[in-house]
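Student: Attaching a single structure in structure tokens format; questions to follow.
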Amino acid sequence: MDIDIRSPGVRMPRAQRNALLRDVRHTFASCSHRVAHVLLQITLVQDARRSGLRDCVVEVHLADGHVERVQERRRHVGVVLRRALQRAWQATLRWVGRLVQGRSALRLPAPGSRALPPAAAAARPAVAPAATRTVDP
């Protein structure tokens, strides 16, 4: 998965750029085999009344040729990046879900989710409930 960050006119310190690269890798880690390229473009909105607004465009190029494009506009760089990445992840997950709609073993869990796919949950041995004791008053 290639990650390209373009920010003409917006100063980004090296530490913020590295943190952004790490966030993108972490966000798309579970479906990195399906993502070919991620492009982030951050620009200042050129409007006198809306000074300080940043435009963030995230393009996710999937291996099958499909492109998911998300655009977000906010005042703070960190907020606009987080929100655009979240929306791009959701759009990518929806597209991948459409591809494997009838094949539940190939569905991807959300990042941070520890839920087992239905096939793995069915193969898991059932645990007998602990014995309960009732006490007469």
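Student: Give me the residue from the range 21-34 that is aliphatic (A, V, I, L, M) and under 11 Å from the mean Cα position of the chain (by Cα) and, out of that set, nearest to GLU72 (Cα to Cα). Lay out the reasoning, then the answer.
Tutor: Filtering the range 21-34 for residues aliphatic (A, V, I, L, M) gives 21, 24, 29.
Right, trim to under 11 Å from the mean Cα position of the chain (by Cα) and you get 24, 29.
On the way: VAL24: 16, ALA29: 22 Å.
Filtering the range 21-34 for residues that are aliphatic (A, V, I, L, M) and under 11 Å from the mean Cα position of the chain (by Cα), the one nearest to GLU72 (Cα to Cα) comes out as VAL24.
Student: Any idea how many residues of the range 37-50 are modelled with pLDDT of 90 or more and hydrophobic (A, V, I, L, M, F, W, C)?
Tutor: At the first step, the residues of the range 37-50 found to be modelled with pLDDT of 90 or more are 37-41.
From what is left, the residues that are hydrophobic (A, V, I, L, M, F, W, C) are 38-40.
Looking only at that region, the number is 3.
Student: Ok, one more. In the range 3-18, what residues are surrounded by 14 or more Cβ atoms within 10 Å (Cβ to Cβ) and small (Gly, Ala, Ser)?
Tutor: SER7
Student: Follow-up question, since we're still on this one. Give LEU116, LEU53 a once-over and let me know the one that is modelled with pLDDT under 85, within 20 Å of the chain's Cα centre (by Cα) and not charged (D, E, K, R).
Tutor: On the way: LEU53 fails: within 20 Å of the chain's Cα centre (by Cα).
Unique residue meeting the criteria: LEU116.
Student: With the requirement that a residue be among the small types (Gly, Ala, Ser) and surrounded by 14 or more Cβ atoms within 10 Å (Cβ to Cβ), what does the range 20-52 give you? Outline the logic, then answer.
Tutor: Taking the range 20-52 and keeping what is among the small types (Gly, Ala, Ser), we get 29-30, 32, 36, 48, 51-52.
Correct list: SER30, ALA36.
Student: Which of the residues that make up the range 66-90 are of a type outside the set (Phe, Trp, Tyr) and within 12 Å of VAL24 (Cβ to Cβ)?
Tutor: Going residue by residue through the range 66-90, those that are of a type outside the set (Phe, Trp, Tyr) are 66-88, 90.
Across the range 66-90, the qualifying residues are LEU81, ARG82, ALA84, LEU85, GLN86, ALA88.
Student: Then there's this: If you scan the range 1-21, which residues turn out to be assigned to a loop (DSSP other than H, G, I, E, B) and among the aliphatic types (A, V, I, L, M)?
Tutor: Kept after step one, since they are assigned to a loop (DSSP other than H, G, I, E, B), are these residues of the range 1-21: 1, 7-13.
Once the filter is applied, which keeps residues that are assigned to a loop (DSSP other than H, G, I, E, B) and among the aliphatic types (A, V, I, L, M), the range 1-21 yields MET1, VAL10, MET12.
The values are calculated or read from the model by the stated rules, or taken from the named source; none is laboratory data. Please read these numbers as outputs of a predicted model, since none were measured by experiment. For neighbour counting, all protein chains shown are included, and Cβ atoms are generated from backbone atoms with ideal geometry for every residue, glycine included.
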